[in-house]
1. Output the helices (runs of 4 or more DSSP H) that fall wholly within region 19-109 and possess 2 or more residues being open to solvent by less than 40 Å² (accessible area, probe 1.4 Å), farther than 23 Å from Glu123 by Cα and touching a residue at least 12 places away in the same chain (Cβ under 8 Å), or say none.
2. Confirm whether Asp12 is surrounded by 14 or more Cβ atoms within 10 Å (Cβ to Cβ) and part of a loop (DSSP other than H, G, I, E, B).
Amino acid sequence: MPVKPVILLIEDNTDIRECASELLELEGYEVYAAPDGAQGVSLRHLINPDLVICDVAMPVMGGYEVFNELKQDPKYKTTPFVFSTAQSERKDIQKASNLGISDYLIKPFDGQTLLTCVRRHLEVI
């Protein structure tokens with residue numbers, strides 16, 4: 001039986017987190033969800049994700065902090081990291097791109113946009 005790609009979804013909005021998790025699971029992904037960045041960073045040690053999708057603006061630990069924390073670990077240097085955010089100005093997207101963020105999902109996004117993004121980063125698995 002093939003191994004399911006593992007996705008770490010870090011999102012403080014309960015509705016978005018639950019809907020995205022359900023959609024991704026229905027598509028055959030193994031999804032672990034965290035309601036904030038600190039829990040997401042802790043969870044990554046247990047699951048070894050193939051992809052991280054992370055909200056930018058969250059309490060406790062924001063997306064940029066999560067990204068910096070994960071990328072300090074050599075194990076996650078090449079793990080795709082996608083921001084999910086309502087910050088859609090060109091300067092925000094450029095800042096994320098300059099730091100090495102793999103992709104940028106602008107909220108609100110639909111299911112097809114999410115799946116297209118995930119497939120783009122996990123097609124080699």
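1. Numbers: elements: 37-47, 63-71, 90-99.
Once the helices (runs of 4 or more DSSP H) in region 19-109 are filtered for at least 2 residues that are open to solvent by less than 40 Å² (accessible area, probe 1.4 Å), farther than 23 Å from Glu123 by Cα and touching a residue at least 12 places away in the same chain (Cβ under 8 Å), what remains is 37-47, 63-71.
2. Details: surrounded by 14 or more Cβ atoms within 10 Å (Cβ to Cβ): yes; part of a loop (DSSP other than H, G, I, E, B): yes.
Judged against the criteria, Asp12 is a match.
The values are calculated or read from the model by the stated rules, or taken from the named source; none is laboratory data. The structure displayed is predicted, hence computed values, not measured ones. FYI the Cβ positions are ideal-geometry reconstructions off the backbone, even for glycines, and counts take in every protein chain you see. Keep in mind that these areas ignore ligands, DNA and RNA; they rest on the heavy atoms of the full protein, side chains included. Shrake-Rupley method; radii C 1.70, N 1.55, O 1.52, S 1.80 Å.
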